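The values are calculated or read from the model by the stated rules, or taken from the named source; none is laboratory data. As the structure is a computational prediction, the values presented were derived from the model and not from experiment. Here the Cβ positions follow ideal geometry from the backbone for every residue, glycine too, while neighbour counts run over all protein chains shown. The protein model used for the area step is the full one, side chains on, heavy atoms only, and it has no ligands, DNA or RNA in it. Shrake-Rupley method; radii C 1.70, N 1.55, O 1.52, S 1.80 Å.
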Amino acid sequence: MIPVKSSLALAIAASISMSAIAENNSKSEQNIEVITVQSDYRQLSLHESTSALSVLSEQDLALRSAQNIEEVIASIPNINFASGSQRARYYQIRGIGERSQFTQPMNASVGLIIDDIDFSGIGSVASTYDIAQVEVYRGPQGTRFGANALAGVMYMRSNDPTEDFESSMRLTAGNYNSMGAGLTVSGPANDLVNYRMSVEQYKSDGFMENSYLGRDDTNNRDELSLRGKLAIKASDDLTIDLALVHFNFDNGYDAFSLDNNRETLSDEPGYDKQRTTAMSAKFTYEAFQGFTVEAISSMAFSDLAYGYDEDWAYGEYEWISDEPEYTPDPCISPTGCLADFDGYSSTDHYLRDRNNYSGELRLISKPGQEIFNGTTAWVAGIYTKHETENLTRIYTYASSDYSSEFDATSFSTFAQLESQISKKITLVTGLRYEHRRSDFSNSDNVVDKPSDDMLGGKVVLSYQLDTNNSVYSSINRGFKAGGVNADGSLPAEFRTYDPEYVWNYEVGYKANLLNNTASIRTAVFYMDREDIQISTYRLSEHGNNGSEFTSYFANAAQGYNKGIEVEGNWFISDALELYGAVGLLETEFSGLIDEDGNEVASRDQAHAPNFQVNLGVNYYPNDNWLVNVSFDSKDGFYFSDSHNEKSSTVSLFNGSVTYFAQNWQLRVWARNMFDKDYASRGFYFGNDPRDGYTSKAYYQLAEPAVVGVTFDYQF
């Protein structure tokens, strides 16, 4: 573990040193691009933002050839993700976030919003094709985003329609029989309407081999993404922005091996599918003298199908060799020989229909129309969301199919004031009240109607040292609704759980340095968590030695998450840029009571690595070439709060070489170029008849070495 106090001193010292260098340097050109944040109530630059906020540009995504946000998220400090699915659905920010969903309805701690449409908890469709910018808020965002932002928010914005006609295509090919093709068209439909349309199809065999079936595509990817946008100038005072998306991800899921490698034995491989059609509409009305009216509505209809081979094998086999070195040719397992025997075989499938509707109305004061003697800009509004989720579970060992219905309605009201105390001091205060009522019922005769009233907000004080240096301190309160555990076999005391709250205390420093050729952003935070919602599980044994685990949520009494985040970049010359990010994190929870009434020992929270590092260099030898090399490192972390298995520390290298011509680009790229094996998800239970179903760790391995070439053409 890296000591937080000593690391804090190092980060502060580094910031002071860079500021001192800036005062003595007057030769470098001004190269730092001004990055505009789109997801706040008002557009502002990244340097002006008083949040721990990271922004990934279209170029950042291209340098990694990231097909999905999971493939580039390691470049942001203190963010992790959990698999247990084909694509990452769940993210953790500063150690907070869910890792899976089975029968129970789930409230997300990390929000995922794509073009103003809420995809929280179903983030596998976070395709990056035609995405202009990804904005990641670290820390609770209760005032701005409400209950799905306990830990933070990931906001993805696709490219907007253009006033002039443009079109482009992209072709990608890589190992594991990976292929992708995309097309984008944008321009004016008439004098008042601009449009943009994009489509991409991506396919890959995936990174596993099924030895029993003799296939290498049982963990495949087959992903279709369509986007459409309209920008309408309805009148001098009214603009309308429409966005439509359709995702059809028809992916396989065969990720776990009895030997913890990339070789499976499943006779009934699983799947991880999502078909979503969604749209959003934003109306901006400027006719009022004192304020702008913004109205945003969205709707999303998703069918999700997730299933897996529970025994990870073909049902009838046993371990017949006592010699681990003995591997005759007919054997399938790399560590011994398999033969028939009367074992168990089961599958577990979850079929969900998930729909949500949202509406938000904001009043935003105009420049020059501030209140309190012209010192205070303001925002006020209301928000409502209605979501439904119908689930059918088809499980081999269940006497009948399980079904449930979940219906939740939220209503919020919020306000924010931005007061200019002096020329250099700004005070931002925000408050959000949210009421949530839900109805849940299932075929296990579990019926509940939980109702929660939650309050969050923030107080931020910022000080502009000069045009290039600023500091801020903030107190934020985030919240997340409580809920119902769905399994009817759970004791009554485990049936429901309460809302969770977090207080985030933060100090930040932002600076543009060396005549705007370098920048640095730092944040030091302490998060005090109350009634932590922790995912845990109970094990039950099958009569033939197999085991089933029942996942459920419980509240731990308290916990804390504290750490440091540093991001920066430096154009050493016109030809060379260095960039990097460091996240240090220390977490703990206490007060969790297990099913036997015993308190679980205090320790680090799950999926909360103590350190994460990203370092990179961009080299431009001339106007036609760009060479990128980056390095990611992540500390080991607990896979779950209910067992003690941990991942290993991992260090990965990525790289790309891009050639730019007048209207085309060719990029050769690699991720995890030295083919390091590491796990993105882990469980602990017995599932192997060769050792008598002894409990042990099983891992889902993350992406191996992936290499390819991408061709972009503008016409």
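Candidate values [x] 1.36; [y] 0.96; [z] 1.40 were compared with Cα Rg over 2.2 N^0.38 Å computed on the shown model; the agreeing label is [y]. Between residue 104 and 486, the built amide H atoms are under 5 Å apart, and every one of these is 5 or more places off in sequence or on another chain.
If you take all other residues with their beta carbon under 13 Å from the beta carbon of residue 72, and give Lys and Arg +1 and Asp and Glu -1, the sum is -4.
Against the chain, whose longest principal axis is taken from its Cα atoms, helix 4-24 shows a tilt of about 30°. Residues of the chain were split at every exposed loop site, defined as trypsin sites (Lys or Arg not before Pro) in a DSSP loop with at most 12 other C-beta atoms within 10 angstrom, and the longest piece left, sites excluded, is 28-422. Taken one residue at a time, the phi angles of the range 75-87 give Karplus couplings (6.51, -1.76, 1.60, θ = phi - 60°) of 7, 10, x, 6, 10, 9, 9, 10, 8, x, 7, 5, 10 Hz. Gly and Pro are set to x.
Here is how the number arises for the chain: DSSP H runs of 4 or more residues each give -39500 (n - 2.57), the sum is divided by the residue count, and the result at 222 nm is -1500 deg cm²/dmol. Computed 3J(HN,Hα) for the range 244-254, one whole-Hz value per residue from the Karplus formula 6.51 cos²θ - 1.76 cosθ + 1.60 where θ = phi - 60°, is 10, 10, 9, 10, 10, 9, 10, 9, x, 9, 8, glycine and proline marked x.
Electrostatic tally near residue 510: other residues with Cβ closer than 11 Å to its Cβ, Lys and Arg +1, Asp and Glu -1, net -1. Counted residue by residue at 0.36 nm each, then reduced by the alpha carbon distance between them, the extension gain from residue 705 to residue 423 reaches 96.3 nm. Shape class of the range 456-506 from the Cα gyration tensor (axes a ≥ b ≥ c, square roots of the eigenvalues): prolate, since a/c reaches 1.5 or more and a/b is larger than b/c. Over the range 620-659, Cα pairs under 8 Å with separation of 6+ residues give a relative contact order of 48 percent. Looking at the range 37-161, the accessible area is 17 square angstrom per residue; that uses a 1.4 Å probe and ignores ligands, DNA and RNA.
Amide H to amide H, with H built 1.01 Å from N, residue 292 comes under 5 Å of 364, 365, 366, counting only residues 5 or more places away or on other chains.
For the range 436-516, the set of chymotrypsin sites (Phe, Trp or Tyr not before Pro) satisfying both a DSSP loop assignment and a count of at most 15 other C-beta atoms within 10 Å is empty.
Element breakdown for the chain at a 1.4 angstrom probe: carbon and sulfur atoms account for 53% of the accessible area. Once the 1.4 Å probe is applied to the protein heavy atoms, the range 351-476 comes out at 50 Å² accessible per residue. Over all projection directions, the Cα-based convex hull of the range 378-464 averages an area of 8.4 nm².
Please state, as a whole number in µm²/s, the translational diffusion coefficient that the Stokes-Einstein equation yields for the range 22-179 at 20 °C and 1.002 mPa s, with Rh defined as the Kirkwood radius across alpha carbon pairs. Taking Rh from Cα pairs, D becomes 124 µm²/s. In loop segments of the range 252-320 as defined by DSSP, there are no GluC sites (Glu not before Pro) with at most 12 further C-beta atoms inside 10 Å of their C-beta. Annotation: amide H-H contacts under 5 Å for residue 206 (H modelled 1.01 Å from N, sequence separation of 5 or more, or interchain): 221. Couplings 3J(HN,Hα) of the range 161-168, computed from phi: x, 10, 6, 10, 5, 8, 8, 8 Hz, in residue order, whole Hz [Karplus 6.51 cos²θ - 1.76 cosθ + 1.60, θ = phi - 60°; x for Gly and Pro].
Net length available on complete extension from residue 413 to residue 400 is 0.4 nm, with 0.36 nm assigned per residue and the Cα-Cα distance removed. Summing Lys, Arg as +1 and Asp, Glu as -1, what charge do residues with Cβ under 15 Å from the Cβ of residue 280 carry, residue 280 excluded? Surrounding charge for residue 280 is 0. As a calculated quantity, the FRET efficiency between residue 645 and residue 171 at R0 = 45 Å, using C-beta atoms, amounts to about 0.65. Report, in whole Å, the centroid distance computed from the Cα atoms of the range 608-629 and the range 228-283. Distance between centres, Cα-based: 29 Å.
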